[in-house]
1. Restricting attention to the stretch B:76-113, and to residues there that are more than 14 Å from chain A (Cβ to nearest Cβ) and surrounded by fewer than 17 Cβ atoms within 10 Å (Cβ to Cβ), which single residue is nearest to A:Gln37 (Cα to Cα)?
2. Tally up the residues in the stretch B:14-24 that are open to solvent by less than 20 Å² (accessible area, probe 1.4 Å) and either in contact with a helix residue (DSSP H, G or I) (Cβ under 8 Å, 6 or more places away or on another chain) or within 11 Å of chain A (Cβ to nearest Cβ) (or both), please.
3. What are the residues in the stretch A:18-76 that are hydroxyl-bearing (Ser, Thr, Tyr) and in contact with a Lys or Arg (Cβ under 8 Å, 6 or more places away or on another chain), if any?
4. For the stretch B:75-113, give me each residue that is under 12 Å from the mean Cα position of the chain (by Cα) and part of a loop (DSSP other than H, G, I, E, B).
5. Filter the stretch A:16-41 down to the residues that are open to solvent by 60 Å² or more (accessible area, probe 1.4 Å), of a type outside the set (D, E, K, R) and within 19 Å of A:Ser82 (Cβ to Cβ), then identify the one that is modelled with the highest pLDDT.
6. Could you tell me whether B:Thr5 is surrounded by fewer than 16 Cβ atoms within 10 Å (Cβ to Cβ), of a type in the set (S, T, N, Q), in contact with a Lys or Arg (Cβ under 7 Å, 6 or more places away or on another chain) and on the phi < 0 side of the Ramachandran plot?
7. Considering only residues that are charged (D, E, K, R), without any contact (Cβ under 8 Å) to a residue 40 or more places away in the chain and buried (at least 19 other Cβ atoms within 10 Å of the Cβ), which ones fall in the stretch B:25-75?
Amino acid sequence: GQQLNQSPQSMFIQEGEDVSMNCTSSSIFNTWLWYKQEPGEGPVLLIALYKAGELTSNGRLTAQFGITRKDSFLNISASIPSDVGIYFCAGPGNQFYFGTGTSLTVIP
Amino acid sequence: NAGVTQTPKFRILKIGQSMTLQCTQDMNHNYMYWYRQDPGMGLKLIYYSVGAGITDKGEVPNGYNVSRSTTEDFPLRLELAAPSQTSVYFCASTPQVGATEAFFGQGTRLTVV
């Protein structure tokens with residue numbers, strides 16, 4: 001099956017700092033998705049990317065679809081405590097593939 | 001809007017017991033999925049279904065069974081619970097292959113003791 005590897009695995013940052021995480025795939029995807037999972041909840045879609053090189057923002061979140069179509073990046077600017085959670089990249093196919101996740105902790 | 005509904009939310013099973021995790025969606029989605037999430041880990045696909053009457057194995061199907069008799073329901077069955085099946089289970093659905101969003105239930109936290 002397709003492998004989606006995320007890094008870093010976990011992050012502990014001070015409130016107000018910017019965050020960067022990435023996702024790499026063993027195969028090409030035509031769509032990249034970023035989800036956030038808050039404690040005790042299911043994942044919720046944050047951003048969808050449809051075109052190689054595309055840069056899309058959703059508030060303080062910015063995601064990019066890598067040129068090779070094998071990677072994607074998510075940035076969070078000026079982090080706040082409610083950004084805490086696990087961030088997953090995902091690629092839709094005949095199965096819905098999820099990355100290994102990046103756990104974010106924001107210290108007030 | 002109900003979306004994807006999972007029951008129960010929590011369950012404790014003894015080794016060797018069986019149970020069915022229920023999942024239903026009211027969005028008329030063709031594709032449904034079952035994932036498990038171990039502590040601190042990502043989502044692993046157990047089984048998926050592309051429509052009523054059709055199911056297929058995912059990455060970690062051993063110890064589980066599924067059925068899809070209707071578009072709405074996709075129950076997951078554990079026949080002989082083992083401690084290794086302690087996990088949080090998520091059901092999800094998408095309208096078609098390649099859809100850009102999967103809708104998730106709130107999860108079932110299962111502990112096998």
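The values are calculated or read from the model by the stated rules, or taken from the named source; none is laboratory data. The model shown is predicted, which means the values in this text are computed figures rather than measured ones. FYI the Cβ positions are ideal-geometry reconstructions off the backbone, even for glycines, and counts take in every protein chain you see. These accessible areas exclude ligands, DNA and RNA; they are computed on the full protein's heavy atoms, side chains included. Shrake-Rupley method; radii C 1.70, N 1.55, O 1.52, S 1.80 Å.
1. Top of the filtered list is B:Thr111.
2. 0
3. Residues satisfying the conditions are A:Thr24, A:Ser25, A:Ser26, A:Ser27.
4. Passing the criteria: B:Pro75, B:Gly105, B:Gln106, B:Gly107.
5. Filtering the stretch A:16-41 for residues that are open to solvent by 60 Å² or more (accessible area, probe 1.4 Å), of a type outside the set (D, E, K, R) and within 19 Å of A:Ser82 (Cβ to Cβ), the one modelled with the highest pLDDT comes out as A:Ser20.
6. Numbers: surrounded by fewer than 16 Cβ atoms within 10 Å (Cβ to Cβ): yes; of a type in the set (S, T, N, Q): yes; in contact with a Lys or Arg (Cβ under 7 Å, 6 or more places away or on another chain): no; on the phi < 0 side of the Ramachandran plot: yes.
Taking the combined requirement at face value, the residue does not satisfy it.
7. B:Arg68
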